[in-house]
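Asks: My questions all concern the structure below.
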Amino acid sequence: SKRRSKTDLAYNEEMFEKLRALRKQTADDENVPPFVIFGDKTLYQMAYYFPSTPEAFLNLFGVGERKLESLGETFLKCIAEHVSEHGLEERVVPV
């Protein structure tokens, strides 16, 4: 699909859509544009690696201590729910 060309990761599209909705909701709550929360590249990585720990989350592109602190818990919870629902495996984020 055309959408695939934005990233070379074979990310989980359903997970990506859930994360995108969460990002939109978070952005609306904070009155900022979605890209201020996380860029697409970061969501693609979440939807491919399925990080389950703060440490893994911190290794994603565009995630620093501040975003881990403010957003990590919410996004990790969303990922964990999807992973357990679909029996997915976490992948190691290369550092």
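Asks: From the helices alone, meaning DSSP H stretches of at least four residues, give me the mean residue ellipticity at 222 nm for the chain, per-run term -39500 (n - 2.57), in deg cm²/dmol to the nearest 500.
Replies: Calculated at 222 nm, the ellipticity per residue is -16000 deg cm²/dmol.
Asks: What number do you get for segment 13-80 when its Cα radius of gyration is normalised by 2.2 N^0.38 Å, N = residues?
Replies: For segment 13-80, the normalised Cα radius of gyration is 0.97.
Asks: To make sure I understand the rule: partners must be aspartates and glutamates, Cα under 15 Å from the Cα of residue 24, and not fewer than 8 residues away in the same chain. Which ones qualify?
Replies: Counting by Cα, and skipping residues close in sequence, residue 24 has these aspartates and glutamates nearby: 40.
Asks: Counting only other residues whose beta carbon sits under 13 Å from that of residue 82, what net charge do I get with K and R as +1, D and E as -1?
Replies: Details: positive: 18, 20, 77; negative: 13, 14, 17, 81, 85, 89, 90.
Around residue 82, the charge tally is -4.
Coordinate-derived values only; no laboratory data. Please read these numbers as outputs of a predicted model, since none were measured by experiment. For neighbour counting, all protein chains shown are included, and Cβ atoms are generated from backbone atoms with ideal geometry for every residue, glycine included.
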